[in-house]
1. Could you list, in sequence order, all residues of the range A:168-181 that are more than 9 Å from every other protein chain (Cβ to nearest Cβ) and among the basic types (Lys, Arg)?
2. If we scan the range B:142-157, do we find a residue that is at pLDDT 95 or above, more than 14 Å from chain A (Cβ to nearest Cβ) and within 14 Å of the chain's Cα centre (by Cα)?
3. Looking only at the range B:32-75, which residues are under 17 Å from the mean Cα position of the chain (by Cα), aliphatic (A, V, I, L, M) and in a helix (DSSP H, G or I)?
4. Here are some residues: B:Gly84, B:Gly111. Which one is within 13 Å of chain A (Cβ to nearest Cβ) and under 13 Å from B:Arg153 (Cβ atoms)?
5. Read through the list (1) assigned to a helix (DSSP H, G or I); (2) within 14 Å of another protein chain (Cβ to nearest Cβ); (3) of a type outside the set (A, V, I, L, M), then give the number of the only condition that A:Trp242 fails.
6. What about A:Ile55, is it of a type in the set (A, V, I, L, M, F, W, C) and modelled with pLDDT under 95?
7. So B:Ile24 clears everything in (1) farther than 30 Å from B:Val149 by Cα; (2) at pLDDT below 90; (3) β-branched (Val, Ile, Thr); (4) surrounded by 15 or more Cβ atoms within 10 Å (Cβ to Cβ) except one condition, right? Which one?
8. Within the range B:27-52, can you find the residues that are open to solvent by 30 Å² or more (accessible area, probe 1.4 Å) and touching a helix residue (DSSP H, G or I) at 6+ places or on another chain (Cβ under 7 Å)?
Amino acid sequence: MKKILTFTLPLLILSGCSSSSIWGWYVIDPRTNTGWINIKFLISGMGDTILISVIAATISIILGLLVAMPGLSNRWPIRMINRVYVEFVRSIPLLPMLFWVFYGLPIIFQSMGLNVPIDPFWGAIITLAISDSAFTAEIYRAGIQSIPKGQSEAAQTIGLTYSQSMRYVILPQAIRRILPPLANQFIYIVKMSAFASVIGMQELTRRANELVVTEYRPLEIYTLLILEYLVLVLIISAGVRWLERRMGADER
Amino acid sequence: MPETAIELVGVNKWYGTFHVLKDINLTVGTGQKVVICGPSGSGKSTVVRCINRLEEHQKGQILVDGVELTNDAASVNRIRSEVGMVFQQFNLFPHLTVLDNLTLGPIKARGMTKKEAEERARHYLERVHIPDQAEKRPGQLSGGQQQRVAIARSLCMEPKVLLFDEPTSALDPEMISEVLDVMVDLANEGMTMVVVTHEMGFARKVADNMIFMDAGEIVEHGPPEEFFGAPRSERCQKFLSQILQH
């Protein structure tokens, strides 16, 4: 890590210095002692950003499927459950929802006599998962509905129940179409996890904010912050492309 | 008259206000082969799809092997387990191998072991003349081969009745006969069959009863000699002259 930064950062520094003297890269120069400590401080938020995103995405993937299912029903009252959830949840901006979950929800729990403290970590996860689940639900629904009707009819005629036909026939085919948009959602979650900094979660953005306050170098620190997200997202993209190739390979 | 396998009594169906099936009465005896023909939109596919409840009828009775088809899930399942279906578009499962396509139903719906189901699957693949394609995926097979796999898939459930919904209409001409040959074999072995098709050569060869439908009604029916020799209704005469012209 130190090596990579030793090579790349000077390049940035040079490009910055060449145009003007507004850049002060010394603050995160890995060759100096303070610079290296600062970099380590900034990157120390990476673990929580990844953890929050992965847990929230996992919950959202399961919750989204549960929300999508009633949307596929023939009966409209059941379909309404899906519509109401999706329309309601996706209309709430993430930040107000985060405030509501972190500051509001504990009051509701208290009034019910429950002592459920919501720390920043779980507050962020709950908010991201619920907010995202409305979108994953729509992705599932679209993916499942894109499978020709003949597939479920054929499944019925060989005696499969609805859940068997979902499990063995429809979902395995739908997942290939669902995966790319689902990966998009994961990238979205990673980026939206930055909001967790507002309720005190010490993830990437919060670390950057903290350092800016002590070093007064917002330009350089936020530039590095953006690069941190860029690296994360590029890694996810590469992983998804690998997964898609692997799943696509055995389709035909 | 042999034992009754399927009986439709005054069956009516509407799509909204559109009357697709008008008072359909039809009896299929065990071992009989019924061929339904008619112009597109005449309701012939709908009749077949009602028999295994892929579509619901709104009035009248459908009995399969003496059991009436109602909304009751048990009756639907009971009837589906006795009625196989072959579709125009094959509807094989593209993500599974041919063998897995054939064993899915027996294993999951019938609770057979994998070994038993595979034995049965290979037996039926042999019967549709493609024993060596078991490990391939449907996408690697020709249309004719895919449709024969679809027939084998239905046979694996050992149904009492097989329904065919235009089984050769999506096939290239040179592949039609390989599918029809398999169907003739099945007919000769005594399978009860209801076939929607325009293949009149096949119909002459196997049909016990010909049915001509138009605008949701059974316009004409009878044994093939009569049906082809001296059609009574004008609509049926016109239809036959059109499809037999070539």
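The values are calculated or read from the model by the stated rules, or taken from the named source; none is laboratory data. The structure displayed is predicted, hence computed values, not measured ones. For neighbour counting, all protein chains shown are included, and Cβ atoms are generated from backbone atoms with ideal geometry for every residue, glycine included. These accessible areas exclude ligands, DNA and RNA; they are computed on the full protein's heavy atoms, side chains included. Shrake-Rupley method; radii C 1.70, N 1.55, O 1.52, S 1.80 Å.
1. As a first pass, look at the range A:168-181 and keep what is more than 9 Å from every other protein chain (Cβ to nearest Cβ): A:170-171, A:174-175, A:177-181.
A:Arg177, the sole residue that qualifies.
2. yes
3. Selection gives B:Val47, B:Val48, B:Ile51.
4. B:Gly84
5. (2)
6. On the way: of a type in the set (A, V, I, L, M, F, W, C): yes; modelled with pLDDT under 95: no.
No: the conditions fail for A:Ile55.
7. The failed condition is (2).
8. Once the filter is applied, which keeps residues that are open to solvent by 30 Å² or more (accessible area, probe 1.4 Å) and touching a helix residue (DSSP H, G or I) at 6+ places or on another chain (Cβ under 7 Å), the range B:27-52 yields only B:Pro39.
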